[in-house]
Amino acid sequence: MTGDPLAQAERGVSLWRDAWLRLRRNRLAVAGGLMLILLCALALLTPWIAPYDYKAQDLALGAAPPSAAHWLGTDTLGRDLLTHVLWGGRISFAVGFVATAVALAIGVLYGTVAGYVGGRVDAVMMRLVDILYALPFMIFIILLMVIFGRNLVLLFLAIGAVEWLTMARIVRGQVQALKQQEFIEAAVSLGLSRWTIIRRHLIPNTLGPVIVYTTLTIPSVMLLEAFLSFLGLGIQPPASSWGLLISYGAETMEEYPWLLIFPGLALSLTLFSLNFLGDGLRDALDPRIAKD
Amino acid sequence: MNARHLAALLCALIAALGLAGCGGGETRVETGNREQVLHWGNGTEPQELDPHIVTGMPEHYILIALLEGLVLKDPATLEPIPGVAERWEMSADGLVYTFHLRADARWSNGDPVTASDFAWSWQRALTPSLGNSYAYMYFAIRNAEAFATGKLADFGQVGVEVLDERTLRVTLDHPTPYFLQLLDHYSMFPVHRPTLEQYGDPYQRGSTWTRAGHFVGNGPFALDQWELNKVVVVSKSPTYWDAARVKLNAIHYYPVENVSTEERMFRAGQLHITASIPPDKIAVYRKEAPQLLHVEPYLGNYFYRLNTQVPQLADPRVRRALAMSIDREQIVEHVTQGGQQPAYTFTPPDTLGYTAPPGFAYDPEGARQLLAEAGYPNGQGFPPTELLYNTSEGHRKLAVAIQQMWKRELNIEITLNNQDWKVYLDNVDNGHYQIARAGWIGDYVDPNSFLDMWVTDGGNNRTGWGDPRYDALVLQCAPAALEREARYRCFRDAEALLLEAMPVIPIFFSTRNYLRQPGVRGLPANLLGYPLFKQVYLQVGDVQSDD
């Protein structure tokens, strides 16, 4: 929030500091944030800390319960589950963050332009969003994967490309409200260009709801990836993601429960952390709630 | 979108919990037992219900209920028994068969089933524009091959002759000991001409005559309902000539691709019989409910097709290297776990007394050497290659195990790809694959059923491989042989050529492992997994199975 001296002097710095102070008081949110940092660190360090090669099999061993050699046990092909949970986390996190970033970039830009320009442009842009909403997005992704072949980057982009719609709507509503505020009028009267106003004033001021919605998008994207991989359109063995580990684990849950429990725990932990953090951020960034 | 994902997850969870919510009241199986309705787990959704187009087992189980050929098989002995033909004679030289059709054979709309129905249907099945993969089943008949390949345009010259509406004479090209067995295969079933002509061009694919409401068949059951990916329902046909002996009122076929889901449905009392069983469950059932588990010998094998048109797979040394680096003992013992036998030949051992000598052995060292000779020392420079399988837990598990064996022994990267059954069939059919999983169940008990598919451009070959020496051995040497030993010598030579070139990698010989409720009767075990649905019935009450 640097730049426009007027806005800064009035509310910029104090809003963010206020938010930070409020967030810090929310224990669940802080715990969620710390847990996320820990999980991200594990995902990043996987190649160095994973106990086994994720491709290594021990057919004769088969599915074994947790032991000293294999902390989380092994799957039916004798592969170390801890290793797979770690590597799967990398992919789940990558999908979650990259696809969300794509959705974020498209959605925020699109929503801001539609909201700020308004009028006919807004009407056309939002009807386009409505049309895309009406399309069965699963079929859209499947078509993309079939036409361009399967690859991980495309999967990220494809998921991002269908997840931006809600984001665009939220941002547009926010911008429409902001447009009426004095500081925008001031900026207009100072002669700033439209693009500068969007970049400098509007986007930063929509960040609150955007951050909150982002923390909610990440888990939904992770679940979507699991679904696609299960259909054979996403990650293929021997690589795996949490979603895949869970769907395979569910098939043998009666014989080998640990194959479902541990990946399930990892995914739930992440989703809970993200949700707690998202809730905390919402409370912290919404000044109206804070006044209670 | 959030809510939708969550709902999907919840559904999966509920399914995973063994459908606990369905408790209370009568299960589908109990109701079925009372009403003589069989609930049959059929593996996958049928590709089609046109007997002259389809190629799979799920389709087979439906079509044998809907249609009937000239001759049936006794499910206990696999000997021919009368079907539409009430009797038949074979000439002394084994070349001419005369079939006498029964007077009371009827289509489900009441029309009589006549000799000209068969002649017309066979002519349709052989017409090149239909693209019937199983056209070669007819090749024992005089001039059938020439007609199917377009060299002969006049069906009148093919050895099928309508003497009168109830007499059909078939003249063979060479004595064929298994000819009567072929007549029970869906590719030789009759179809109802007026219906086919009503719903489109009978000689093109894509006709709607197989839809429920359109379908007219001559089998013990008639098509009632075909809900995509949900169920195919057939009910007892009142016009069937032997309707008095048909005990079931209906059969419901469920396409359940996921074997774990199928097993849970069985346990929840929703299926009488499953198509297979998850490998991990076999040990559990052996211990806790052995009366439900059926492990039966099966005349079938499991193999990988190699597309020989793909540059890196065009070299037979590469193909042999791939075959030699798979540890089949480990696979049958730890991955499939269902009593399967490691396969080092293509034809299952002792197929009607025929056993081929092993064509190769598990030899990773030799495999590495072959791969190096082919220009990929230690796997270097071997292009990424894709292994295709139809979506199923069992196929996936095996593919992952073999992927790792190839990586470990040959240091080559194989990626995996799974597809829905129909898409997979389409891609394999059109050669859009590099390596593809496959299984083959003998259509009849004779080594020919395993070997004639590999002749050049054979309908079920699909590997692009062909060798004139092989064709000569299978198509000329064996049919001309007068006695069994000479015939089998031709087959052994042919199989040696096949395994030398290795367009397919045999992995194991199958067993038929499935689950069955105790009340199901009239399904004796046989090598082909062949049920005669008109003999099947359901017994109420929890009684021990006796067949």
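Here are some residues: B:THR208, B:THR261, B:THR195, B:THR274. Which one is buried (at least 23 other Cβ atoms within 10 Å of the Cβ) and under 23 Å from B:GLN47 (Cα atoms)?
Values: B:THR208 fails: buried (at least 23 other Cβ atoms within 10 Å of the Cβ); B:THR261 fails: buried (at least 23 other Cβ atoms within 10 Å of the Cβ); B:THR195 fails: buried (at least 23 other Cβ atoms within 10 Å of the Cβ).
Of B:THR208, B:THR261, B:THR195, B:THR274, the one residue that is buried (at least 23 other Cβ atoms within 10 Å of the Cβ) and under 23 Å from B:GLN47 (Cα atoms) is B:THR274.
Restricting attention to the range B:168-185, which residues are surrounded by fewer than 24 Cβ atoms within 10 Å (Cβ to Cβ) and not aliphatic (A, V, I, L, M)?
B:ARG169, B:THR171, B:ASP173, B:HIS174, B:PRO175, B:THR176, B:PRO177, B:TYR178, B:PHE179, B:GLN181, B:HIS185, listed by residue number.
Out of all the residues in the range A:170-182, is one or more surrounded by fewer than 19 Cβ atoms within 10 Å (Cβ to Cβ), more than 11 Å from chain B (Cβ to nearest Cβ) and among the small types (Gly, Ala, Ser)?
Yes, that holds for at least one residue.
Answer yes or no as to whether A:GLY249 is within 11 Å of chain B (Cβ to nearest Cβ), part of a helix (DSSP H, G or I) and either within 23 Å of the chain's Cα centre (by Cα) or over 30 Å from A:ILE139 (Cβ atoms) (or both). So that I can check it myself, show each step before the final result.
Working: within 11 Å of chain B (Cβ to nearest Cβ): yes; part of a helix (DSSP H, G or I): yes; either within 23 Å of the chain's Cα centre (by Cα) or over 30 Å from A:ILE139 (Cβ atoms) (or both): no.
Criteria not met by A:GLY249.
One line per residue, one yes/no per condition, for (1) in contact (Cβ under 8 Å) with a residue 24 or more places away in the chain; (2) surrounded by 23 or more Cβ atoms within 10 Å (Cβ to Cβ); (3) within 16 Å of B:THR55 (Cα to Cα):
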{"residue": "B:LYS422", "(1), (2), (3)": "yes, no, yes"}
{"residue": "B:MET453", "(1), (2), (3)": "yes, no, yes"}
{"residue": "B:GLY458", "(1), (2), (3)": "yes, no, yes"}
{"residue": "B:GLY464", "(1), (2), (3)": "yes, no, no"}
{"residue": "B:ASP471", "(1), (2), (3)": "no, no, no"}
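B:ASP420 versus (1) at pLDDT 90 or above; (2) within 12 Å of chain A (Cβ to nearest Cβ): which is the lone unmet condition?
Only one criterion in (1) at pLDDT 90 or above; (2) within 12 Å of chain A (Cβ to nearest Cβ) is unmet by B:ASP420, namely (1).
Which residue out of B:ARG469, B:ARG396 is facing chain A (nearest Cβ under 10 Å) and not in a strand (DSSP E or B)?
None of the others qualify; the one that does is B:ARG396.
Can you work out which of the residues in the range B:339-359 that are buried (at least 21 other Cβ atoms within 10 Å of the Cβ) and either among the small types (Gly, Ala, Ser) or within 16 Å of B:ALA401 (Cβ to Cβ) (or both) is farthest from the other protein chains (Cβ to nearest Cβ)?
This residue is B:ALA356.
Answer yes or no as to whether B:VAL295 is closer than 22 Å to B:ARG521 by Cα and surrounded by fewer than 19 Cβ atoms within 10 Å (Cβ to Cβ). Quick ask: steps written out before the conclusion?
Values: closer than 22 Å to B:ARG521 by Cα: yes; surrounded by fewer than 19 Cβ atoms within 10 Å (Cβ to Cβ): yes.
The answer is yes for B:VAL295.
Confirm whether A:VAL153 is under 21 Å from the mean Cα position of the chain (by Cα), surrounded by fewer than 17 Cβ atoms within 10 Å (Cβ to Cβ) and of a type in the set (A, V, I, L, M). Spell out how you get there, then give the answer.
Working: under 21 Å from the mean Cα position of the chain (by Cα): yes; surrounded by fewer than 17 Cβ atoms within 10 Å (Cβ to Cβ): yes; of a type in the set (A, V, I, L, M): yes.
So A:VAL153 fits the description; yes.
Quick one: which of B:LEU482, B:LEU497 is within 19 Å of B:LEU352 (Cβ to Cβ) and surrounded by fewer than 18 Cβ atoms within 10 Å (Cβ to Cβ)? If you could, list the steps in order and put the result at the bottom.
Values: B:LEU497 fails: within 19 Å of B:LEU352 (Cβ to Cβ).
Going through B:LEU482, B:LEU497 in turn, the sole match is B:LEU482.
Can we say B:GLY529 is buried (at least 17 other Cβ atoms within 10 Å of the Cβ), assigned to a loop (DSSP other than H, G, I, E, B), of a type outside the set (Lys, Arg) and in the same structural domain as B:GLN434 (by TED's automatic domain parsing)? Spell out the reasoning first.
Values: buried (at least 17 other Cβ atoms within 10 Å of the Cβ): yes; assigned to a loop (DSSP other than H, G, I, E, B): yes; of a type outside the set (Lys, Arg): yes; in the same structural domain as B:GLN434 (by TED's automatic domain parsing): no.
When the stated conditions are applied, B:GLY529 does not pass them.
The values are calculated or read from the model by the stated rules, or taken from the named source; none is laboratory data. None of the values given here were measured: they were computed from a predicted structure. Note that each Cβ is placed from the backbone with ideal geometry, even for glycine, and that neighbours are counted across all protein chains shown.
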